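Nothing in this text is a laboratory measurement; each read-out follows from the coordinates by a stated rule. Computed from a prediction, not measured in an experiment: that's the story for all the values here. Note: ideal-geometry Cβ built from the backbone for every residue, glycine included; neighbour counts use all protein chains shown.
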Amino acid sequence: MRGLDALILPGGESTTLLKLLNLTGLRESLTEAASGLPTLGTCAGLIVLAALGVLDVDVERNAFGPQVDSASARVEWKGIGLTAAFIRAPAVTRTGAGVSVCSTYVDPAQPGGLPRVVGVEQGSIMAVSYHPELTGDATLHRLLLARAR
């Protein structure tokens with residue numbers, strides 16, 4: 001993974017992604033790259049970063065329900081508003097030392113629900129439960145590119 005300026009770990013199916021990382025021998029290289037490069041993980045990317053141990057969080061998969069409960073919503077990243085798509089989205093259930101909470105979300109399907117952590121930052125890593133790329137909102141991508149320069 002030499003020559004990279006930044007890294008994006010997209011959404012998808014995290015169990016499959018982790019199996020493929022092991023089968024292809026890319027797990028160690030990806031762990032090393034994500035430990036040093038500006039990195040953005042979205043949805044399954046958040047789960048993978050946690051599983052690799054480069055992001056000190058615990059994650060609950062499908063925290064907002066099944067595919068039929070998918071929704072778009074306005075959220076904030078450190079006070080910057082953006083539009084996010086939640087598709088079988090995970091939620092962060094624990095943050096370790098050095099991890100900052102940057103986005104929270106209250107699920108409207110849970111009346112009286114508490115804010116859930118859906119975006120975190122640790123060092124050069126940004127990770128979110130949602131899919132900003134599916135809404136046409138490039139806010140997080142611009143922040144990642146600014147870090148890569």
Cα-based Rg / Dmax (Å) for region 84-149: 12.9, 43
Most to least packed among 6-13, 134-141 [average Cβ atoms within 10 Å]: 6-13, 134-141
log₁₀ of I(q)/I(0) at q = 0.15, 0.17, 0.19, 0.24 Å⁻¹ - region 1-83, Debye sum with one point per alpha carbon: -0.63, -0.79, -0.95, -1.27
Cβ-based exposure ranking for 130, 105, in which fewest neighbours within 10 Å come first: 105, 130
Rounded to whole Hz, the Karplus (6.51, -1.76, 1.60) HN-Hα couplings of region 144-149, x for glycine and proline: 5, 4, 5, 6, 6, 8
Karplus (6.51, -1.76, 1.60) ³J(HN,Hα), θ = phi - 60°, over region 18-27, in Hz, Gly and Pro reported as x: 5, 4, 5, 4, 6, 5, 8, x, 8, 4
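In whole Å, what three semi-axes, largest first, describe the equivalent ellipsoid of the chain built from its Cα gyration tensor (square root of 5 times each eigenvalue)? The partial results should precede the final answer.
On the way: eigenvalues 113, 59, 40 Å².
In descending order, the three semi-axes are 24, 17, 14 Å.
Under 8 Å for C-alpha pairs, at least 6 residues apart: give me the relative contact order for the chain, rounded to a whole percent. Provide the component values of the computation, followed by the final result.
Numbers: 296 pairs, mean separation 38.4, N = 149.
Dividing the mean separation by the residue count of the chain yields 26 percent.
Once you charge only the Cβ atoms, +1 for Lys and Arg and -1 for Asp and Glu, what is the size of the charge dipole of the chain about its Cα centre, to the nearest 20 debye? It would help to have the intermediate numbers written out before the result.
Values: 12 positive and 13 negative charges, 35 e Å.
For the chain, the charge dipole is close to 160 debye.
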Alpha carbon centroid spacing (whole Å) that separates region 1-43 from region 47-83: 17
Per-residue HN-Hα couplings for region 125-136 [Karplus 6.51, -1.76, 1.60; θ = phi - 60°; Hz; x = Gly/Pro]: 9, 10, 9, 9, 6, 9, 10, x, 5, 7, 9, x
Potential extension, residue 80-residue 20 segment - 0.36 nm per residue separation minus Cα distance: 18.1 nm
Residue order, fewest to most surrounding Cβ atoms within 10 angstrom, among 76, 121: 76, 121
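Using Cβ counts within 10 Å as a stand-in for footprinting exposure, how do 87, 47, 80 rank, fewest first?
On the way: 87 19, 47 26, 80 13.
Ranking 87, 47, 80 by Cβ neighbours within 10 Å, fewest first, gives 80, 87, 47.
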In range of the label at residue 135: residues from region 91-113 whose backbone nitrogen is under 15 Å from the point 7 Å along Cα→Cβ: 102-108
Cut-off under 5 Å, modelled amide H: who pairs with residue 11 long-range: 42, 44, 45
DSSP bridge orientation in the chain - percent antiparallel, rounded to nearest 5: 75
